[in-house]
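Take a look at the structure below.
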Amino acid sequence: MLRYRSLIIAACAATALTACGGGGGHTSTPSVPGSSTGSAGGTQNGTMSLTFGTQAGATSVARKPLFVSPNATSAVVNINNGTPKTFDVSATSALCQTASNVRTCTIPLTAPIGQDAIGVALMATVAGSATMLGQGSNSVTVVAGTNFNLTVGINAVVAGTNSISFSTGSTLSLTYGTAATVTATPIFADPANTPITGSGNVPNFLTPVTITSSDPHLTIAPASLTTPGQTFTITYDGSAAVASTVTLTVKSGAATLATAMAQLPGLLVTRYNLANINSPGTVFPEQIVVGPDGNIWWTEEVTNRIGRISPGAPAVAAPNPAITYFPNTAGGTATGLAVGCDGNLWYSNSGLVITRMTPTGGVPSTGPQHITVSAPGGQVGRLAADSNGNVWYLNSGVGFSQVAYVDCTTFVTNTFGSTPTPNSLYEFAGLFLGADKAMWFTEDESAQKQIGRITTPANGVAGNYTEYPIANTGAATFPTDITAGSDGKMWFSVFGSVATTQFFANFVPGLTININEFPNVIDPNAFANLVTIFNGTDGNIWMAEGGGAVKITPANPTMPSVEFFTDNGQTSMVNCISGTTPDGKLWCSAYGSASLGPPFINTTDAILTWTPR
């Protein structure tokens, strides 16, 4: 269950409401319905009474609850839509008296004899300009020789929200997958930030207030609020396709009072944007790891550099000053990243070079800075350390593939593999250390899609490899990523060109294996491609794909996930940290994408992190 703060509450509270947009710029004199039917030339004196700071009950004349903002300093009155006249109704005005903190003002009027329509606009000085707080009108029968007294019900201008409470308590509480309806009680504010309170069965807002949700799985009813004291309901349909964040918009007429991002059932993700939101695909972050210094490190393909950020750093607009960058000093394009037994970071590039770098970005004091891979062809990609801290790498391309490692003490490159035979080593994707101390990898471009195993110095003679065909794969399916679960099994993901051909699988690592396949449990309407799989800090298996990630319980992998987040299909998860992190959160690198239209959103290349539940 996720508990999160009030939806819109603080968006405008305790601030000058003009900063919240809409509602604060009314300066017009009210147009009054009706016209004079009195005798020509005959007039009669009378008064209009206004009481500030109370919400009286409905009057016998207007049948409207009377809210009169105590921040009003002037009243603009017109009779029968004639020339308006302004009266001082401030606390120091000679027209007003204050007793027990209640201000009463008596405005002198002269009106034609007969039936008259009288309107009033209450004004305040807010942010240096005259701002209308409320408006009302009423009709009165003026009789010659008899002074009249008129009370006008004021319809308040809504300019923001002051507070909100829920039937579930101080915060809105919803559970993923469980339909629910929550009642919300709002208190709105006028342009002077005065709470509009009271109740009544007739309109008391000058313009009705609407609250809308950007996600169809969360609905608001009624469609509009017209009077103080009204409640509305928030109904969640329990659908798995709901986004993790929803924009709620509060409007009064065409004026937007406030917008807020509400966290719905799902996971709250922190996004460290690596580029301008309008420039997806300008960075391409690749492999991501926990560095020997406890920071999060990653490589960037397009910008050709290595990034570092400390867990808990603020997420602000790019360029984020909390991110430190180091250049790729070896040329080529930075891709793979791992930590060796020497306590340094090792990164690869699109050439045939692996580079060592200290956690401060310097050159190691011993050993080579750049290690050249001697084998021909291909390009060095994904890196992973074995149980001895040796750094293994995938060197693959069309016509040549290789699994190899660099001894982290002697820096000798040990290469294995050759020009592939049919159905043999071809082009690789994932690489990870298994519980059997062998390195496991996926072959996503072999004629028959396969899982590969290669021995390491810790479990035998390094370099002996075995391949295992994956059932139910073909030309349109590709094993993409592989990881070691906390349950001792290896888990891998298989991408398919359509949702029905995507699946994930597990097996117990060893010289012989038995692969168990499971259908993709992620809603294909909310996500795109099953790409990345990793072991979470919570001991569960997580699958990340185009648009977000879901949790899979190892003991019951066919059960629909109850934890997820989504970026509306617009983020492609590239690589995620598998296992322990300093802050216990999950960390992934992700490509952004331009919006494809509603309900999709623009996202940028980013480092994503969230807390598993």
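The values are calculated or read from the model by the stated rules, or taken from the named source; none is laboratory data. Because the structure is a prediction, the values reported are computed rather than measured. Quick reminder, even Gly has a Cβ in these numbers, built from the backbone with ideal geometry, and neighbours come from all protein chains shown. Heavy atoms of the whole protein, side chains included, go into the accessibility calculation; ligands, DNA and RNA do not. Shrake-Rupley method; radii C 1.70, N 1.55, O 1.52, S 1.80 Å.
The table below gives the values:
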quantity: Phe284, sole failed condition from (1) open to solvent by 20 Å² or more (accessible area, probe 1.4 Å); (2) on the phi < 0 side of the Ramachandran plot; (3) under 25 Å from the mean Cα position of the chain (by Cα); calculated: (2)
quantity: Subset of the range 97-123 [without any contact (Cβ under 8 Å) to a residue 40 or more places away in the chain and of a type in the set (A, V, I, L, M, F, W, C)]; calculated: Ala99
quantity: Positions within the range 350-397 being closer than 21 Å to Val461 by Cβ, at pLDDT 90 or above and open to solvent by less than 20 Å² (accessible area, probe 1.4 Å), in sequence order; calculated: Ala384, Asp386, Gly389, Asn390, Val391, Trp392, Tyr393
quantity: Test: residue in the range 263-273 that is open to solvent by less than 50 Å² (accessible area, probe 1.4 Å), at pLDDT 85 or above and of a type in the set (A, V, I, L, M); calculated: no
quantity: Pick from the range 235-260, criterion more than 16 Å from Ser163 (Cα to Cα) and outside any loop (DSSP other than H, G, I, E, B), ranking: modelled with the lowest pLDDT; calculated: Thr245
quantity: Failed condition for Gly294, given (1) over 28 Å from Leu172 (Cα atoms); (2) in contact with a Pro (Cβ under 9 Å, 6 or more places away or on another chain); (3) crowded, with 17+ Cβ neighbours inside 10 Å; calculated: (3)
quantity: Check on Pro364, over 25 Å from Asn535 (Cα atoms) and in contact with a Phe, Trp or Tyr (Cβ under 6 Å, 6 or more places away or on another chain); calculated: no
quantity: Candidate set from the range 429-482 (those that are part of a loop (DSSP other than H, G, I, E, B), open to solvent by less than 30 Å² (accessible area, probe 1.4 Å) and among the polar types (S, T, N, Q)); member that is modelled with the lowest pLDDT; calculated: Ser446
quantity: Inter-residue pairs, beta-carbon under 6 Å, first of a type in the set (Asp, Glu) and in the range 472-501, second in a strand (DSSP E or B) and open to solvent by less than 30 Å² (accessible area, probe 1.4 Å), 6+ apart; calculated: Asp481/Gly430; Asp481/Ser493; Asp481/Thr532; Asp481/Ile533
quantity: Within the range 517-529, considering residues that are in contact with a Gly (Cβ under 9 Å, 6 or more places away or on another chain) and either at pLDDT 75 or above or of a type in the set (Gly, Ala, Ser) (or both), the one farthest from Ser589 (Cα to Cα); calculated: Asn520
quantity: Elements of type strands (runs of 3 or more DSSP E) in the range 302-345, at least 2 residues being of a type in the set (Phe, Trp, Tyr); calculated: 324-327
